[in-house]
1. For the chain, with a Gaussian network of springs between Cα atoms less than 10 Å apart, report the residue from 141, 18, 102 with the top mean-square fluctuation.
2. For the chain, with a Gaussian network of springs between Cα atoms less than 10 Å apart, report the residue from 22, 176, 41 with the top mean-square fluctuation.
3. Given contacts defined as C-alpha pairs under 8 Å and at least six residues apart, what's the relative contact order of the chain, whole-number percent?
4. How many angstrom separate the Cα center of the stretch 50-74 from the Cα center of the stretch 90-154?
5. Please work out whether the stretch 83-190 counts as rounded, prolate or oblate from its C-alpha gyration tensor, where a ≥ b ≥ c are the square roots of the eigenvalues and a/c under 1.5 means rounded, while otherwise a/b larger than b/c means prolate and anything else oblate?
6. When the helices in the chain are scored as -39500 (n - 2.57) per DSSP H run of 4 or longer and the sum is shared across all residues, what 222 nm value do you end up with, to the nearest 500 deg cm²/dmol?
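What follows draws every value from the coordinates through simple rules; no lab data is involved. Keep in mind that what you see is a predicted model, and the values were worked out from it rather than measured.
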């Protein structure tokens, strides 16, 4: 194994979060191109057929992850949650936050048609949503967004990998309204 690949393996092993290549390059005192090359070597070595862990690109970085065929064993041992361990109410609330973030509790409730207080609290306890400040509206309600743990749990590199809303059974007007909300939130974040 290439010497830099061994060093990156050590960094990934001790890290509790996905590491961006530029961060690994800074830690090792080398270029990101060298890191990319060494990560390619590691990916060849850590294939699911050879090891119980693999390298995955999630949440803007690289991390070790349990190979798919070993996941059930790990879950039984650790009790670790999987996306299918979340109740329908939690998944629904998480989807609202993921697609409309940042979103207030009242906005989530409006989209769902039921109170979202318990669901948001439970998702926050699990680290799947986090507070992102307060809205510039009367009462300054808390804004919620998804975090790194959400991306990691669902195996996403970024929110851009979420399936398009058109893939869901929504009416065209609903998709347009949600898209307008997403664009308004994006504009507000840029400002």
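1. Of the options given, 141 has the highest mean-square fluctuation.
2. 176
3. Details: 218 pairs, mean separation 31.9, N = 191.
Computed over the chain, the figure is 17 percent.
4. 27
5. Values: a/c = 1.25, a/b = 1.02, b/c = 1.22.
Rounded shape, in that the Cα axes give a/c under 1.5.
6. Working: 9 runs with 98 residues, N = 191.
Dividing the helical sum by the residues of the chain leaves -15500 deg cm²/dmol.
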